[in-house]
Amino acid sequence: MKGGMSVEGATAGWSRRRWLLHAAWMLPTAGAAHVAGVEPRWLAVRTHRMSASPMFRIAHFTDIHYRGDPGRLADMVGAVNRLKPDLAVFTGDLVEEARFFDPALEVLSGVGCPMYGIPGNHDHWARADFGLARRVFGATGGGWLQDESALALGGRVRVHGLDRRMGGGAMAPVAGAFNLTLMHYPAWADRVSHRSDLMLAGHSHGGQVRLPFYGALVRPHDVGRYELGWYETQGGPLYVNPGIGCLGFDVRFNCRPEVSIFEVG
Ligand SMILES: [Fe+2]
């Protein structure tokens, strides 16, 4: 019996060591699978109520970085449509290569409400066909805005899209309307010519990998201190969305892709 107990004890000890070895192997593997396989596809919907009795809902998404995976983008379009927004807005970086611009727009054209958009730095660098974007966004009842403004929802919302200029006369607020400004670069919030009721931006991707109690490991240029979420700025309230796609490696940690809903009016 003593030998058996000894053997049993030895087996239990071996089992603990084996469990620890397994854990040492499995935890990083599970972590890597989450960072590379789960979180980049784990869409979050965040709703922000900006009025006690909102009159309309605006869906915001950004930084799609489409690389020929229509299912993933179609999932986002389906999620947007299920939220039944009155208006959808996109703040740039649809693609990194021009050959993906047309197919990405084809999927995006499934958004079932007026959709406004602006280009991001990667769309410019790819030399994407903005004339095509103008047609596709226009066909939804919205528009592709490059330093231009449009009145949406019967004049209740003025949408201004920043591209090369940080404002100017076209950005001037419209009295009686909810003045919404779309920008790719969050840091432009400190340089715009006029205040808005809401400014929406992307570009930062929230860093994609965010350490608890620290934040983004990497911030691109023209993000400044506005890496993710809400900020009060010189140009008005700013919300920075972490984006849908990924830049570089297809990884995210503590920074899920997001569709944001703003209840305003
Ligand atoms: Fe981006």
Subject >> Average Cα contact separation per residue, the chain, under 8 Å, 6 or more apart, as relative contact order % >> reply: 24 percent
**OP:** Quick one: compute the contact order of segment 94-172, relative version, from alpha carbon pairs under 8 angstrom and 6+ residues apart, as a percent.
**Re:** 28 percent
Original post:
Based on Cβ point charges of +1 for Lys and Arg and -1 for Asp and Glu, what charge dipole magnitude is obtained for the chain about its Cα centre, in debye rounded to the nearest 20?
Top reply: 760 debye
**OP:** Using only the alpha carbons, work out the radius of gyration and Dmax of segment 56-100 in angstrom.
**Re:** 11.5, 35
**OP:** Determine, for each peptide in 107-114, 131-138, 155-162, 59-66, the mean count of other beta carbons within 10 angstrom over its residues, then list the peptides with the highest first.
**Re:** 59-66, 155-162, 107-114, 131-138
Original post:
If R0 is 35 Å, what FRET efficiency do you get for Val174 and Thr47 from their C-beta distance, rounded to 0.05?
Top reply: 0.85
Subject >> Phe253 long-range amide H proximity, modeled H, under 5 Å >> reply: Val209, Arg210
Subject >> HN-Hα J in Hz across segment 256-265 - Karplus 6.51, -1.76, 1.60, θ = phi - 60°, x for Gly and Pro >> reply: 5, x, 9, 10, 9, 10, 10, 9, 9, x
Subject >> Label-point separation, Asp190 to His221 (7 Å along Cα→Cβ), nm >> reply: 1.7 nm
Original post:
Along the Cα-to-C-beta direction of Arg134, a point sits 7 Å from the Cα; which residues of segment 89-119 have their amide N less than 15 Å from that point?
Top reply: 117-119
Original post:
How high is the relative contact order of segment 61-126, in percent, counting Cα pairs under 8 Å that sit 6 or more residues apart?
Top reply: 43 percent
Original post:
Which residues' amide hydrogens lie under 5 Å from the amide hydrogen of Val157, considering only partners 5 or more residues apart or on another chain, with H built in the peptide plane?
Top reply: Ala152, Phe178
**OP:** Please work out the Cα center distance from segment 59-98 to segment 159-234, rounded to the nearest Å.
**Re:** 18 Å
Subject >> Spatial extent of the chain: Rg and Dmax, with the Cα atoms as the point set, Å >> reply: 22.6, 92
Subject >> Counted charge near Val174, where neighbours are those whose Cβ lies closer than 14 Å (Asp, Glu -1; Lys, Arg +1) >> reply: +1
**OP:** Tell me which residues come under 5 Å, amide H to amide H, from Thr233 once H is placed; ignore anything under 5 positions away on its chain.
**Re:** Leu238
Subject >> Overall dimensions of segment 144-189 as given by Cα atoms, namely Rg and Dmax in Å >> reply: 10.1, 31
Subject >> Ranked by how many other beta carbons lie within 10 Å on average, peptides 233-246, 170-183, 212-225 from highest >> reply: 233-246, 170-183, 212-225
Subject >> Angle in degrees between helix 2-33 and the longest Cα principal axis of the chain, rounded to the nearest 10 >> reply: 20 degrees
**OP:** State the answer as a single residue: which of Val192, Pro212, Gly245 lies farthest towards the positive end of the charge dipole of segment 190-265, with beta carbon charges of +1 for Lys and Arg and -1 for Asp and Glu, about the Cα centre.
**Re:** Pro212
Original post:
Measuring from label point to label point, each 7 Å out along Cα→Cβ, what is the Lys84 to Arg99 span in nm?
Top reply: 4.2 nm
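Coordinate-derived values only; no laboratory data. Just so it is clear, the structure is predicted and the values come from calculations on it, not from any experiment. A quick note on method: Cβ atoms are made from the backbone with ideal geometry, for glycine too, and the neighbour counts reach across all protein chains shown.
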